[in-house]
Amino acid sequence: MTHNKNKLSLGIALATLTMAGALVSTAVVADDAATAAPKAAKHKAAKHKAEAKTAYASPSKVDILEAQLRAMQDEVAALRSQVRAPATPVASVDAQKVQDLDARVATVEATSAKQVSKAKNHMIYFRGGYAGNDSVMVATTSTDTSGNSIANTGMHKDGWNFGAGIDFSLTDNMFGLMNKTELLGELDINYVDLGTFSSSIIGAGTRTNAAQSMLRITAAPKIKFFEGSKLRPWIIPVGFTMNVISPPSQVNAITELMPAMHFGTGVDYNIWKSIYIGTDVRYNMAFSTLNGTNVNGLTAGGSVGFGF
């Protein structure tokens, strides 16, 4: 009787093992296998295998078969968890490479655009408008080379100016001191016309008309704000100007050159591509007169510039 029960139990165990093997092969390819933690499943499998080995030492074959069955079930669970574990698709790796490449291209394009923008900060401009001296420019000359007295009439303080210049960008952040604040070097040539005056020798009846004019050559630092925007206000804290006056300061001792300081402020606006319009006010100041001639004065007006 006992022998028959053992044979029956052994047959049930073998059938169960056959079904478990089928489950193993199905679980490897099944997409919807149940989710389980791989490490925990493997740990359980190892534990049950150990139990199976222990069971072999026991005289009961049923215990041995049960231990083997549990071990196989745990291995099936481990295989299922491996099937369900996410893998890194090749497509996702390629997509990441493409994203990295796009980021590098964007960085290069941004750097290139900044360099192009920086190059456009250089400018050649033309300006003109009102000119006015603090006092009349003609010297208080009273005699000529022969000692004759001279009378000057019709002298003016107001007139007009026209000139051109170039701005060369040195740094767009004041050498790291101020962001979006650009330092440029300016070279400006400006012609000032203050009309004409009449000069005559007293008693001789001879009258001569002469133009009152002046050429100013200026070199100065220019600070422009709001780098990268269309509207760019600027200042010239102080610069150097050489004034060339006509007529000369004296009849007997011809002197035409007078150095002075140069100050200015204005604003430029980018209307289209590299074309700018602007307005400015500038003042030139010398510490003394040129043999009686005062060269101090201002200019004010508009400008048209071209970036390069």
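Each value in this text was obtained by applying a stated rule to the coordinates, not by laboratory testing. All values derive from a computational prediction rather than experimental measurement. Cβ: placed from backbone, ideal geometry, glycine included. Neighbour counts: every protein chain shown.
Some notes on this structure:
- Ranked Leu215, Leu184, criterion: other C-beta atoms within 10 Å, fewest first: Leu215, Leu184
- Label-to-label distance, nm, for residues given as Ser274 and Glu256 (7 Å Cα→Cβ offset): 3.6
- Inverse mean reciprocal Cα-Cα distance (Kirkwood Rh) of the range 217-308, Å: 14.9
- Take the Cα of Ala164, step 7 Å toward its Cβ, do the same at Arg104, and the gap between the two points is 4.6 nm.
- Going from the fewest other Cβ atoms within 10 Å to the most, the residues Met123, Met72, Met285 appear in the order Met285, Met72, Met123.
- Relative exposure of Trp234, Trp160, judged by other C-beta atoms within 10 Å (fewest first): Trp160, Trp234
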